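Worksheet: one structure, shown below.
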Amino acid sequence: MNIRLSRVAVLSQLMRVPLPPLVTPRVLGVDDFALHGGTYGTLLVDATTRLPLTLWEGRDAEPLGRWLREHPGVEVACRDGSLTYRQGIAGGAPDAVQVSDRFHLWQGLSRRVQDIASAHRGCLPAALPRPARAVPHQPRRPSGTPRRTVGPHATPADCSRPFRP
């Protein structure tokens, strides 16, 4: 079509499209996002359909609590570890079960594993098997003769201490 459009023109046309009526979800997803220069926003998503419901600037407890009071029926709120969102959900939907979302669970787990691996980095060589000593070349052994095995492996005994961050 070879038509030039600016980002503002496209956004203004999208803003004219009417939205479908909002249905309060049973499972609500809450997360923040960065706009620019330390400015954040909050996004609410129907966690069952994965469709966005609304968004606003800021990541405060009061707007979230207000939205939940205006849209009763949320049974489960899926969120990150934010104290602010915890307070907003507790204030707006006190009976809703709050759960951590999959992304933040995996992020927390991977950070913890990285911390533990870093703390025990010096123990890793002790956990590896000792390399076999070079054996001088010997003639082929007759079939049916058992092979020799390498000696016992080292154990990471010094790694038995508990991890403390």
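The values are calculated or read from the model by the stated rules, or taken from the named source; none is laboratory data. Small disclaimer: the values here were computed from a predicted structure and weren't measured. Positions of Cβ are backbone-derived with ideal geometry, glycine not excepted, and every protein chain shown enters the neighbour counts. Each accessible area value is taken on the protein alone, full model and side chains, heavy atoms only, with ligands, DNA and RNA left out. Shrake-Rupley method; radii C 1.70, N 1.55, O 1.52, S 1.80 Å.
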With the structure loaded, tell me whether Leu44 is under 16 Å from Tyr85 (Cα atoms), within 22 Å of the chain's Cα centre (by Cα) and in a strand (DSSP E or B) or whether it fails that test.
yes
Within the range 1-40, considering residues that are assigned to a loop (DSSP other than H, G, I, E, B) and basic (Lys, Arg), the one modelled with the highest pLDDT:
Arg26
Out of (1) closer than 21 Å to Phe103 by Cβ; (2) open to solvent by 80 Å² or more (accessible area, probe 1.4 Å); (3) assigned to a loop (DSSP other than H, G, I, E, B), what's the single condition that is false for Thr49?
(2)
Any pair with Cβ under 7 angstrom, 6 or more apart, that starts in the range 4-32 at a residue that is under 29 Å from Gly88 (Cβ atoms) and ends at one that is open to solvent by 50 Å² or more (accessible area, probe 1.4 Å) and in a helix (DSSP H, G or I):
none
Could you give me the residue pairs with C-beta distances under 8 Å whose first residue belongs to the range 108-130 and is surrounded by 10 or more Cβ atoms within 10 Å (Cβ to Cβ) and at pLDDT below 90, whose second residue is in a helix (DSSP H, G or I) and of a type outside the set (Val, Ile, Thr) wherever it lies, and which are 6+ apart or on separate chains?
His120/Cys159; Cys123/Asp158; Cys123/Cys159; Ala126/Ala157; Ala126/Asp158; Ala126/Cys159; Ala127/Cys159
What number goes with the only condition from (1) part of a loop (DSSP other than H, G, I, E, B); (2) open to solvent by 30 Å² or more (accessible area, probe 1.4 Å) that Arg66 does not pass?
(1)
